[in-house]
Amino acid sequence: MSARRDALSTRLLRRLLGTVPEALYDREPLPAEPDLHVRYLGTAGFVFTGGQRTIVVDPFVSRSGLRATALRPLVPDEALISELIPRADDVLIGHAHYDHVLDGPTLCHQTGARLIGSPAVMQVGRAAGLPEEQLRETRGRERIVCGDAVVQGLPSAHGRVYFNRVTLPGDITEPPSWPPRLRELRHGLVLNWWLEMAGIRVVHIDSAEFFAEELAGLQADVVCLCAIGRHFRPRYVAECVELLRPKLIIPCHWDLFMTPWGSEPALLPGVDLPGFIEEIEATGVQVRVPRIGGELGLLAADLQA
Ligand SMILES: [Zn+2]
């Protein structure tokens, strides 16, 4: 077991799975004073900063290698989390699979932020030793005030991923071990998120599924849309656009999250990122693909023009 072997397997995975063509990445310069500043963390992770608030969704930067993930307890990388995400007021988790939940409790410990999510996510927070006052359980369908922002969980199901199946199904009804093992982190209740920040409305969809009745009547300016599994969800892009009528879609969850932070990412098996972008653009919605660690600055006036 060595760093060299890990580096070798990362290179091999990149060659096997492919990488993002350079031309697909967003190049727009940051406006001087964006209403909403968005930083993409890879996987389904985002940091949204607007008004007086920093809200982080599904942070996962620890990205242990393939063998370590399969064979050992999953240990959040405390130093990296604190370096990359120095501030958070609220941490929203869409479901309790490790690539969505693992780094959330550590980030809450470091920043004092609340962990907001399903009963399964609360059990993971308890396992990590977060005090009850930092845990905010929700089953969705309620507006949660976060300073000058508002968030709401939108009940969903986990999208199908490989072989048309949901990986690690089930719930977490008591605290798992900490650090946890991969198999202990079942998805539990799945929530997509509605965020209202600095006059901009964002919907975050962290696996390729949503229920039309939960999105009906909402209109989003921006949708962060999971790439993996889109082929298994009929009319995924078309229905999302019809329901939410966004101006901008930011694709996410396209990267293999077992390559280390800072190295060129490989695409997850089955993700056709150029095809996903074409499909979105065919609906007339703008697409921007930030690099992992990259930033977008959004202006409410542009999105609502
Ligand atoms: Zn998942």
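Per-structure values
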item: Restricting segment 153-171 to residues that are crowded, with 19+ Cβ neighbours inside 10 Å and not in a loop (DSSP other than H, G, I, E, B), the residue that is nearest to the ligand (Cβ to nearest atom); result: 156
item: Matching residues in segment 181-200 - criterion: being within 16 Å of residue 119 (Cβ to Cβ) and more than 13 Å from the ligand (Cβ to nearest atom); result: 184
item: Segment 81-105, residues that are within 15 Å of the ligand (Cβ to nearest atom), among the small types (Gly, Ala, Ser) and not in a loop (DSSP other than H, G, I, E, B); result: 104
item: Filtered residue count, segment 215-257, keeping only those that are touching a Ser or Thr at 6+ places or on another chain (Cβ under 7 Å) and either farther than 19 Å from residue 20 by Cβ or without any contact (Cβ under 8 Å) to a residue 60 or more places away in the chain (or both); result: 3
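No lab work stands behind these numbers, since they all come straight from the coordinates. If you're wondering where the values come from, they're calculated on a predicted model, not measured in any experiment. A quick note on method: Cβ atoms are made from the backbone with ideal geometry, for glycine too, and the neighbour counts reach across all protein chains shown.
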